[in-house]
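Data block below; observations after.
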Amino acid sequence: MRADTFRHKGLRQQMVDTLRSKGITDEQVLRAMGEVPRHWFIDSALDSHAYEDRALKIGCEQTISHPSTVAMQSQLLDLHSGMKVLEIGTGSGYQTAVLCRMGARVFTIERQKGLFDQTRRLLAEEGYRARCFLGDGYKGLAEVNYGPYDRIIVTCGAPSIPEALMSQLRIDGIMVIPLGEDEQEMLRITKLGNDRSQWKIEKFGTYSFVPMLNGKQMKS
Ligand code: SAH
């Protein structure tokens, strides 16, 4: 078990207050983010910045999202305990841990082996029971039959809405996805039916994510 000092807890409470002041109202999200030690999910050299509302480097040219972005995406999911959630872009595992703390059954996919190995180990050691997969999130988890998912969260910038992911979302399910290349618009898509015309799309502002890469752009 990694350390979680009074100082960390105090800074974390301040972070939660900041999230409230930025308009996060979902008490389940605020509680989970008040409990998950974000400093466990970043390099110890950056420990003093763990509870600032900023993105930080996590290696492999990737970043852990701003706490306010994690909070916003988690809130938009409208999550209930016991729901099956598919996450694309495990990265540091922080968002994964927050979803676990909210009572979700989490399935998460990462394309970079280095991050995948490191984060899978960390989540297991700290008791977060997410199922971690190495692979291409564009395809979802079509080959293993855990779906359909109640919720899907994409944590990298997608150039288009991945059809394979929409097909793995249950009817009335929700996908939260940042859509765009250079910058992204946060979308919440409610799948009212299988046909594209039955996808209800709502927009929630502009964000900046690392890109969602496809199979051809993959490096080991
Ligand atoms: N949720 C993460 C965000 C990490 S950044 C966190 O809280 O730390 C986004 C992650 O998406 C990166 O780790 C990147 O490697 C991963 N990624 C990019 N394209 C992907 C793809 N096609 N499939 C799975 N993961 C992908």
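The values are calculated or read from the model by the stated rules, or taken from the named source; none is laboratory data. This is a predicted model, so every value here is computed, not measured. Using ideal geometry, Cβ is built from the backbone for each residue, glycine included, and neighbour counts are taken over all protein chains shown. Accessible surface is based on the protein model in full, side chains and every heavy atom, while ligands, DNA and RNA are left aside. Shrake-Rupley method; radii C 1.70, N 1.55, O 1.52, S 1.80 Å.
Go through the residues of the range 199-208 one by one and say whether even a single one is in a strand (DSSP E or B), surrounded by 15 or more Cβ atoms within 10 Å (Cβ to Cβ), at pLDDT 95 or above and within 14 Å of the ligand (Cβ to nearest atom).
Scanning the range 199-208 turns up at least one residue that is in a strand (DSSP E or B), surrounded by 15 or more Cβ atoms within 10 Å (Cβ to Cβ), at pLDDT 95 or above and within 14 Å of the ligand (Cβ to nearest atom).
Of the residues in the range 53-68, how many are touching a residue at least 24 places away in the same chain (Cβ under 8 Å) and either among the polar types (S, T, N, Q) or surrounded by fewer than 19 Cβ atoms within 10 Å (Cβ to Cβ) (or both)?
Within the range 53-68, residues that are touching a residue at least 24 places away in the same chain (Cβ under 8 Å) and either among the polar types (S, T, N, Q) or surrounded by fewer than 19 Cβ atoms within 10 Å (Cβ to Cβ) (or both) number 8.
Taking the residues in the range 180-193 that are open to solvent by 50 Å² or more (accessible area, probe 1.4 Å) and either of a type in the set (Lys, Arg) or out of contact with any helix residue (DSSP H, G or I) (no Cβ under 8 Å at 6 or more places or on another chain) (or both) as candidates, determine which candidate is farthest from residue 84 (Cα to Cα).
That would be 182.
Going through the range 42-53 one residue at a time, which ones are touching a Leu at 6+ places or on another chain (Cβ under 7 Å) and either of a type in the set (Val, Ile, Thr) or assigned to a helix (DSSP H, G or I) (or both)?
42, 46, 49
Yes or no, residue by residue, for (1) of a type in the set (Gly, Ala, Ser); (2) more than 27 Å from residue 30 (Cβ to Cβ); (3) within 11 Å of the ligand (Cβ to nearest atom):
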{"site": "99", "(1), (2), (3)": "no, no, yes"}
{"site": "105", "(1), (2), (3)": "no, no, no"}
{"site": "113", "(1), (2), (3)": "no, yes, yes"}
{"site": "119", "(1), (2), (3)": "no, no, yes"}
{"site": "146", "(1), (2), (3)": "no, yes, no"}
{"site": "155", "(1), (2), (3)": "no, no, yes"}
{"site": "166", "(1), (2), (3)": "no, yes, no"}
{"site": "171", "(1), (2), (3)": "no, yes, no"}
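Applying the selection to the range 39-51, what residues are touching a residue at least 12 places away in the same chain (Cβ under 8 Å) and open to solvent by 40 Å² or more (accessible area, probe 1.4 Å)?
43
Take the residues of the range 56-68 that are under 22 Å from residue 206 (Cα atoms) and either of a type in the set (Gly, Ala, Ser) or not in a strand (DSSP E or B) (or both): which is farthest from the chain's Cα centre (by Cα)?
Step by step, filter the range 56-68, then rank; the result is 61.
Filter the range 23-55 down to the residues that are of a type in the set (Asp, Glu) and either in contact with a helix residue (DSSP H, G or I) (Cβ under 7 Å, 6 or more places away or on another chain) or closer than 16 Å to residue 72 by Cβ (or both) and list them by number.
26, 27, 35, 47, 53
Looking only at the range 78-93, which residues are within 13 Å of the ligand (Cβ to nearest atom) and touching a Lys or Arg at 6+ places or on another chain (Cβ under 6 Å)?
85, the sole residue that qualifies.
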